[in-house]
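Below is one structure; the comments refer to it alone.
The values are calculated or read from the model by the stated rules, or taken from the named source; none is laboratory data. This structure is a prediction, so every number in the text was calculated from the model and none was measured. When we count neighbours, we look across all protein chains shown, and the Cβ atoms used for this are built from the backbone with ideal geometry, even at glycine. For accessibility, only protein heavy atoms count, side chains too; no ligands or nucleic acids. Shrake-Rupley method; radii C 1.70, N 1.55, O 1.52, S 1.80 Å.
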Protein chains: 2
Amino acid sequence: MARKPSAADAPLRLDNQICFAVYSAAHAFNRVYKPLLDRLGLTYPQYLVMLVLWERDDVPVKEIGEKLFLDSGTLTPLLKRLEAAHLVKRTRSSEDERQVLIALTPQGHALREKARSVPQSILAATDCSVPELVAMKDEIVALRDRLNAVIGD
Amino acid sequence: MARKPSAADAPLRLDNQICFAVYSAAHAFNRVYKPLLDRLGLTYPQYLVMLVLWERDDVPVKEIGEKLFLDSGTLTPLLKRLEAAHLVKRTRSSEDERQVLIALTPQGHALREKARSVPQSILAATDCSVPELVAMKDEIVALRDRLNAVIGD
DNA sequence: CGACATTCAATTGCGAACAATTAAATGTGA
DNA sequence: TCACATTTAATTGTTCGCAATTGAATGTCG
């Protein structure tokens, strides 16, 4: 038996869910990045790891994980692929043998120059002004941090 | 040789990237949803499919894909898992044998009632007002649609 | 010093996500 | 009607993402 749409249904409607907006926007970003990153031989998560390393080299896996909100189950195989591509080197820390330090190779450093044009291309694709994007980014980060705060209960 | 941070580096900084904000917020949402959806026996993408079906039943795979921005490579195995869980039935359309129609089972319908409390729990986790969330959602959807428009070139 | 807990990366298994290909059904035009 | 293109799902292979477990190194407390 057919039901009339009622106000009680609104919370379950797809279009009303901010989480779906975020989920689908993340996929849209990924699709825009794809052709740009293909030229660098990187996937998007690999690109994120490279961003971390371009800011600070010789970083333990743990720290990369904290910055990207990813765990070793994701990072270990990803980093092995970056190593196979000769972009990073993985070495056990001598001070703490539990840690694996990730360092850029010369090719890894060099890739940074090829990556410089990427943010500009993405900016163009958003068809937004920089201040608009910064404002949105700050709002989304604040939301993310509130969500992450709830997890640790 | 160490480099001074310069303005030219800003575009490649992780914290400046809206895409990473969106990417990490999507994962944060997923982690908040996880315990709620575990009780329903659903993953987050499966929950999205159920949202579509609760709005309109007996839908071809294609249409689900268009609403969620997913293709058959993702949906076919996901829908088979939902079928194995007795939540949906997959049947070839008699009018067009190429299409597979997805229909809810009685259990699939019934699950809707158990799902009603989910949006409220998510809302609480965001620690945001409804108008704030609606405004953000609209902005993110607009951004997503502009990104998707660029893809089709 | 020695039992114990903690930390860290690696591993395993499962479920997305997507590109590329395949195969069947349908539509179209000569 | 028949060749051909288009549409639709399914399949295959690669890469994430995460829970759960393992094993080695380190830290802590009696």
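Using the 7 Å Cα-to-Cβ label point, sort the distances from B:K34 to its equivalents in the other copies shortest first and give them in nm to one decimal.
Result, one decimal in nm: 2.7.
Can you pull the mean other chain C-beta count within 10 Å for peptide A:44-54? All intermediate terms of the calculation are to be shown ahead of the outcome.
On the way: counts 3, 1, 0, 3, 6, 0, 1, 7, 1, 0, 4.
For peptide A:44-54, the averaged partner shielding equals 2.
Where a Cα-Cα gap under 29 Å defines reach, which lysines qualify for B:K80, not counting those fewer than 8 residues away within the same chain?
Filter leaves A:K34, B:K34, B:K62, B:K67, B:K89, B:K114.
Could you pull out which residues in the stretch A:20-43 have an amide N less than 16 Å from a spot 7 Å beyond the Cα of A:R81, following the Cα-Cβ vector?
Residues A:30-31, A:33-43 qualify, since their backbone N sits under 16 Å from the label point.
Compute the acute angle (0 to 90°) between the alpha-carbon long axis of helix B:44-55 and the principal axis of greatest extent of the alpha-carbon atoms of chain B; round to the nearest 10°.
It is inclined by approximately 50 degrees.
A:V88's amide H: which non-local residues (gap 5+, or another chain) put their own amide H closer than 5 Å, with H modeled 1.01 Å from N in plane and none for Pro or chain starts?
Answer set, sorted by chain and number: A:E83, A:T105.
Which residue fluctuates most in the GNM of chain A (Cα springs below 10 Å): A:A103, A:A142, A:A85?
Looking only at A:A103, A:A142, A:A85, the largest GNM fluctuation is found for A:A142.
For the stretch A:87-153, run through the GluC sites (Glu not before Pro) and keep only the ones in DSSP coil with at most 15 other Cβ atoms within 10 Å of their Cβ. Intermediate values should be presented prior to the final figure.
Numbers: sites: A:E95, A:E97, A:E113, A:E132, A:E139; in loops: A:E95, A:E97.
Counting only loop positions with at most 15 other Cβ atoms within 10 Å, the GluC sites (Glu not before Pro) in the stretch A:87-153 are A:E95, A:E97.
For the residue pair B:R98 and A:D138, what label-to-label distance in nm results when each label sits 7 Å from Cα along the Cα-to-beta-carbon direction?
5.0 nm
For the stretch A:104-120, take each phi angle, set θ = phi - 60°, evaluate the Karplus expression 6.51 cos²θ - 1.76 cosθ + 1.60, and give the result in whole Hz per residue in order, putting x for glycine and proline.
6, 7, x, 4, x, 4, 5, 4, 4, 5, 5, 8, 4, 7, 4, x, 4
Treating the point 7 Å from Cα along Cα-beta-carbon as the label, what are the nm separations from A:G73 to the other copies, to one decimal?
Nearest to farthest, the other copies are at 2.4 nm.
What stretch of chain A, leaving out the sites themselves, is the longest with no trypsin sites (Lys or Arg not before Pro) in a DSSP loop having at most 11 other Cβ atoms within 10 Å? Please list the in-between numbers first.
Working: sites that count: A:R3, A:R39, A:R56, A:R98.
The longest such stretch corresponds to A:99-153.
Which Cβ of chain A lies nearest the axis of the rotation superposing A onto B, and at what whole-Å distance?
A:A26, 2
Pick from B:A135, B:A110, B:A124: which is most flexible by mean-square fluctuation in a GNM of chain B where alpha carbon atoms under 10 Å apart are linked?
Comparing B:A135, B:A110, B:A124 in the GNM, the peak value goes to B:A135.
Give the angle, between 0 and 90 degrees and rounded to the nearest 10, that separates the Cα long axis of helix B:72-84 from the longest principal axis of the Cα atoms of chain B.
With both axes taken from Cα atoms, the answer is about 50 degrees.
Could you tell me how many degrees, from 0 to 90 and to the nearest 10, lie between the Cα long axis of helix B:18-38 and the main elongation axis, the longest principal axis, of the Cα atoms of chain B?
Tilt relative to chain B: about 40 degrees.
Rounded to the nearest 100 Å², what is the buried accessible area between B and A, both sides summed, probe 1.4 Å? The partial results should precede the final answer.
Values: alone 10970 and 10980 Å², together 16210 Å².
Buried surface at the B/A interface: approximately 5700 Å².
7 Å along Cα→Cβ for the label point: how many nanometres lie between B:A142 and each equivalent label in the other copies, listed shortest first?
Taking the point 7 Å beyond Cα along Cα→Cβ, the inter-copy spacings are 1.8 nm.
What is the protein assembly as shown by shape, rounded, prolate or oblate, if you read a ≥ b ≥ c off the alpha carbon gyration tensor as root eigenvalues and call it rounded for a/c under 1.5, prolate for a/b larger than b/c, and oblate otherwise? List each step's numbers first, then the result.
Numbers: a/c = 1.86, a/b = 1.79, b/c = 1.04.
Verdict is prolate for the protein assembly as shown.
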